[in-house]
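Have a look at the structure below before the remarks.
Computed from the coordinates by the stated procedures, all read-outs in this text should not be read as laboratory data. As the structure is a computational prediction, the values presented were derived from the model and not from experiment. Neighbour counts are summed over all protein chains in view; Cβ atoms, including those assigned to glycine, are modelled from backbone coordinates with ideal geometry.
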């Protein structure tokens, strides 16, 4: 009588070992992943704009708070001008970029009493502020930022 063909059972040990290996690798990657150090978490560029502004002002840093949306014509023009001019001052002035349509910024908008966009508020080292509403020419923005540094 001929032997009946029986399919061999798959070895589940290999699958289990592979699964355990993958889990160990993921665990090691998460364990080795560098944590943020104190200077990174305290950076004015982290967190909500309200926190960035508060930190910059408490550190007596010259600051530009730029209130805008991403879809109004004048705001788009002002975004281009800020992107063109601000890099010259990025080492000495903090830029706080505030999108007025981000709901997380609502308390800050109420605090400053924002009515129109684009609005730029320039804070000197002493925290004194000067507000500009509407589109500002590149050279005019350059002069305002230079005055903040002096």
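What FRET efficiency, computed as 1/(1 + (r/R0)^6) with R0 = 22 Å and r the Cβ-Cβ distance, is obtained for residue 70 and residue 90, rounded to the nearest 0.05? So, using R0 = 22 Å, E works out to roughly 0.55.
For an R0 of 22 angstrom, estimate the FRET efficiency from the Cβ-Cβ distance between residue 116 and residue 139 and round to the nearest 0.05. It comes out at approximately 0.50. Dividing the mean sequence gap of close Cα pairs (under 8 Å, 6+ apart) by how many residues segment 43-149 holds gives a relative contact order of 35 percent. If the chain linking residue 18 and residue 48 were pulled fully straight, counting 0.36 nm for each residue of separation and taking away their Cα-Cα distance, it would gain 6.6 nm. Here is the size of segment 43-149 from its Cα atoms: Rg then Dmax, 12.7, 34 Å. Model label sites at residue 131 and residue 103, defined 7 Å from Cα along the beta-carbon direction, differ in position by 2.6 nm. Normalised size of segment 92-144, defined as Cα radius of gyration per 2.2 N^0.38 Å with N residues, equals 1.20.
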